[in-house]
1. Show me the ranking of peptides 83-90, 30-37 by mean Cβ neighbours inside 10 Å, starting with the highest.
2. Mind running the shape call on the stretch 52-134? Use the C-alpha gyration tensor, a ≥ b ≥ c as the square roots of the eigenvalues: rounded below 1.5 for a/c, prolate if a/b tops b/c, oblate otherwise.
3. Compute the FRET efficiency between residue 42 and residue 74 as 1/(1 + (r/R0)^6), taking r as their Cβ-Cβ distance and R0 = 30 Å, and round to the nearest 0.05.
4. Starting from 0.36 nm per residue, how many nanometres of slack lie between residue 105 and residue 127 once their C-alpha separation is accounted for?
5. Taking the Cα atoms of the stretch 10-105, what is the range of coordinates along each of the three principal axes, in descending order and whole Å?
6. Taking the Cα-to-Cβ direction at residue 57 and at residue 21 and moving 7 Å from each Cα, how far apart do the two end points lie in nm?
């Protein structure tokens, strides 16, 4: 484990877009091109536990149980955070445009893009299935 000081955590969190708390002692931070798990048991001496590249800017994350949904570029990534020292990407799927927000609700994952709202079935996280996508802006198909 890498022990770092609070100023270094601020440096690691530079460009942070979202933070989720996993209990009282672990934070998940979405940042420029990764998510980072941080042990904050001692907030004056936080410890970076693991870093998982997302390849695109991670702009939003949502945590439910051990499952983390990450909005990164035009994809939604599903990550197993059950062991904070070993973040594992389970799967990813296209988000029908640049994904800006994600929310896990039971075995459903909702994501917002600049074009609309998507809903995916994640009852099998290794094989997410897009259930529907609702366009909220006119498209060129509408003759607009």
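1. 30-37, 83-90
2. oblate
3. Between residue 42 and residue 74 the formula returns 0.20.
4. Length difference between fully extended and current span is 6.2 nm.
5. 41, 26, 19
6. It is 2.7 nm.
Every number in this text was worked out from the coordinates using simple rules, so none of it is lab data. Keep in mind that this is a model prediction, so the values were computed, not measured. Neighbour counts are summed over all protein chains in view; Cβ atoms, including those assigned to glycine, are modelled from backbone coordinates with ideal geometry.
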